[in-house]
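The values are calculated or read from the model by the stated rules, or taken from the named source; none is laboratory data. Fair warning: this is a prediction, and the values are worked out from it, not measured in the lab. Methodologically, a virtual Cβ is constructed for each residue, glycine included, from the backbone with ideal geometry; neighbour enumeration extends over all protein chains shown.
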Amino acid sequence: MTVTGSSIARVAALVIVTVVVQISVVTQVTFWGAYLDLLPLVALSVGLLAGPITGASVGFALGLVADMALFQTLGVSSLLLTGVGYQAGRYRELRDASHKMVPAIGGFVVTLAYATAFSIVQFLLGVDSDVSSTVIRTILVGALLNALIATPVFKLVRLVLRPALADDLRPRRRSTSPIGLRASQ
Amino acid sequence: MYKKSVRRRRAVLGLLVGLSIALLTVYFGESASGGLHAVQRGFLEVLAPLQEGASRALKPVRDFGGWVGDVFDAKSDNKKLRREVERLRAQLAAAETAGSDGEQLEALASFNGSSSFPDGYQSVKARVIGRSPTVWYSTITIDKGSSAGVRANQPVVTGDGLAGRVSDVSGDAAQVTLITDHSSGVSAQVVPNGANGLVKATVGDPDDLLLDFVERGRPVRTGSTVITSGWKASKLESLFPRGIPIGTVTSIDATERELYQRVHLHPFADLRNASVVEVIVPANAGDQRAQARP
């Protein structure tokens with residue numbers, strides 16, 4: 001991603017809007033007891049679009065703002081979302097991230113990993129109450145719901161960040177025919 | 001060039017992870033009046049108007065989402081409601097035959113009217129403008145803060161029963177820790193037999209609360225109502241005034257070896273869908289109850 005004043009402003013706006021919409025609107029609606037979670041999806045999308053450094057930075061910022069706004073233990077969400085953004089960025093560097101299904105599958109995987117890691121950190125920090133087995137169901141349902149909205153979220157993030165992106169992540173055109181012959185010009 | 005890029009990438013990752021861990025360590029170690037907590041309160045002050053604006057502006061979107069969710073949940077709700085009607089019918093019959101039980105149940109039913117409302121208190125209505133997205137933190141943000149007389153540790157109720165307590169306050173917003181949060185603890189009493197215990201959450205299941213530390217000798221019946229006990233001892237008193245309904249007993253775990261019974265409750269308040277709550281504040285604004293404990 002090209003770092004300019006405009007790109008930083010876009011990323012900052014993306015972070016603030018995501019957190020405000022998440023805690024004011026999205027979490028007010030439950031499906032089978034689970035919530036949609038935009039935070040790992042936005043960190044994933046930025047990582048896939050802009051690489052590991054930007055992905056990790058945006059993940060960190062998202063987590064920090066969310067923890068601040070929700071009076072949660074500072075650092076937990078930032079730590080985990082930094083990992084989400086970084087890994088998504090590394091996936092972009094090492095694999096073909098332009099496939100249509102990458103955001104949906106990635107959305108499921110990162111939401112599941114993020115929620116599981118969040119639970120582990122909470123156990124490490126100490127839980128004063130009993131834990132219901134429905135936590136597992138809630139995490140799974142949340143991951144499935146997130147997979148459903150991951151592609152629209154990815155497209156929205158791409159729309160916001162497009163002017164700042166060095167190269168747009170779109171399905172690559174074949175430069176050769178299926179049997180390896182280049183079409184004559 | 002490649003090595004430089006790898007080094008840079010790893011340095012940024014290391015820096016962010018280190019920063020997160022440092023924040024976590026400092027925050028976890030400091031008291032509620034510490035620096036990072038103060039920064040959080042300041043941040044809430046700035047963010048509250050944005051949250052309130054977003055909550056109002058996007059209400060149609062939220063309502064549509066709620067409608068979709070409700071359609072999916074309606075089938076199972078129908079069964080649950082039928083069972084609830086049967087249970088309430090049985091409860092009503094029991095209340096009619098037992099005079100003292102009936103009086104208490106009647107008082108609980110009209111809690112939000114006036115007769116059972118705690119003496120010396122008044123209510124501040126507030127809208128829910130934010131909610132935690134994880135199962136590990138059961139908190140909401142409300143649009144009333146210290147400027148409306150809201151203070152930390154004041155009880156919060158819905159029209160149906162106890163919702164939680166105010167955990168942090170800024171000028172125009174406050175954070176409420178719900179009774180379904182793992183850090184919550186409410187001293188409570190089963191009516192009519194008076195068995196006392198501590199209501200705690202079951203993380204991940206907002207429909208199940210646990211009344212712990214109930215003496216084994218005290219009989220507790222399924223369907224009994226649980227209210228806040230509102231104890232007072234010398235200079236200390238409970239944060240929650242006596243008589244706020246919490247929930248009904250659904251089942252009782254009692255093993256031979258344990259000294260206490262563990263009583264499962266279904267909370268009266270629908271905490272997942274509450275959009276308006278009331279903060280119970282002392283009629284005398286000077287009474288901050290700062291020394292109180294749950």
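Here's the yes/no breakdown for (1) surrounded by 14 or more Cβ atoms within 10 Å (Cβ to Cβ); (2) within 10 Å of chain A (Cβ to nearest Cβ); (3) closer than 28 Å to A:A88 by Cβ; (4) of a type in the set (F, W, Y):
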| site | (1), (2), (3), (4) |
| --- | --- |
| B:S5 | no, yes, yes, no |
| B:L13 | yes, yes, yes, no |
| B:L19 | yes, yes, yes, no |
| B:L23 | yes, yes, yes, no |
| B:Y27 | yes, yes, yes, yes |
| B:S31 | no, no, no, no |
| B:A38 | no, no, no, no |
| B:G42 | no, yes, no, no |
| B:V46 | no, yes, no, no |
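Where helices (runs of 4 or more DSSP H) fall entirely within region A:1-114, those with at least 2 residues that are facing another protein chain (nearest Cβ under 8 Å) are at A:5-24, A:52-70, A:76-94.
When you check A:F118 against the structure, is it without any contact (Cβ under 8 Å) to a residue 40 or more places away in the chain and at the interface with another protein chain (Cβ under 9 Å from one of its Cβ atoms), yes or no? Taking the combined requirement at face value, the residue does not satisfy it. Each residue in region B:203-232 was checked for being modelled with pLDDT under 85 and hydroxyl-bearing (S, T, Y), and 1 pass. Give me the pairs: first residue in region B:51-63 and over 20 Å from A:A66 (Cα atoms), second residue at pLDDT below 75, beta-carbon distance under 6 Å, and six or more apart or on different chains, which are they? Listed pairs, sorted by first residue: none to list.
So, B:Q154, is that one in contact with a strand residue (DSSP E or B) (Cβ under 9 Å, 6 or more places away or on another chain), crowded, with 22+ Cβ neighbours inside 10 Å and closer than 24 Å to B:G230 by Cα or not? For B:Q154, the condition - in contact with a strand residue (DSSP E or B) (Cβ under 9 Å, 6 or more places away or on another chain), crowded, with 22+ Cβ neighbours inside 10 Å and closer than 24 Å to B:G230 by Cα - is met. Each residue in region A:81-94 was checked for being among the hydroxyl-bearing types (S, T, Y) and surrounded by fewer than 21 Cβ atoms within 10 Å (Cβ to Cβ), and 1 pass.
Take A:S78 and decide whether it is closer than 24 Å to A:L145 by Cβ and in contact with an Asp or Glu (Cβ under 7 Å, 6 or more places away or on another chain). Against the criterion (closer than 24 Å to A:L145 by Cβ and in contact with an Asp or Glu (Cβ under 7 Å, 6 or more places away or on another chain)), A:S78 qualifies.
Within region B:187-194, none of the residues are surrounded by fewer than 22 Cβ atoms within 10 Å (Cβ to Cβ), within 14 Å of another protein chain (Cβ to nearest Cβ) and not in a loop (DSSP other than H, G, I, E, B).
Residues in region A:59-80 include at least one that is surrounded by fewer than 24 Cβ atoms within 10 Å (Cβ to Cβ), out of contact with any Ser or Thr (no Cβ under 9 Å at 6 or more places or on another chain), without any contact (Cβ under 8 Å) to a residue 24 or more places away in the chain and not β-branched (V, I, T). For region B:152-180, enumerate the residues that are away from chain A (no Cβ under 11 Å), of a type in the set (V, I, T) and touching a Gly at 6+ places or on another chain (Cβ under 6 Å). Once the filter is applied, which keeps residues that are away from chain A (no Cβ under 11 Å), of a type in the set (V, I, T) and touching a Gly at 6+ places or on another chain (Cβ under 6 Å), region B:152-180 yields only B:V156. For the residues B:S183, B:S146, the requirement of being in contact with a strand residue (DSSP E or B) (Cβ under 7 Å, 6 or more places away or on another chain), facing chain A (nearest Cβ under 10 Å), surrounded by fewer than 24 Cβ atoms within 10 Å (Cβ to Cβ) and more than 18 Å from B:G247 (Cβ to Cβ) singles out B:S183. Is it true that some residue in region B:251-264 is modelled with pLDDT of 85 or more, touching a Gly at 6+ places or on another chain (Cβ under 6 Å) and either within 30 Å of B:S55 (Cα to Cα) or within 13 Å of chain A (Cβ to nearest Cβ) (or both)? Taking every residue of region B:251-264 in turn, none turns out to be modelled with pLDDT of 85 or more, touching a Gly at 6+ places or on another chain (Cβ under 6 Å) and either within 30 Å of B:S55 (Cα to Cα) or within 13 Å of chain A (Cβ to nearest Cβ) (or both).
The criterion of being at pLDDT 85 or above and surrounded by 12 or more Cβ atoms within 10 Å (Cβ to Cβ) does not hold for B:S55.
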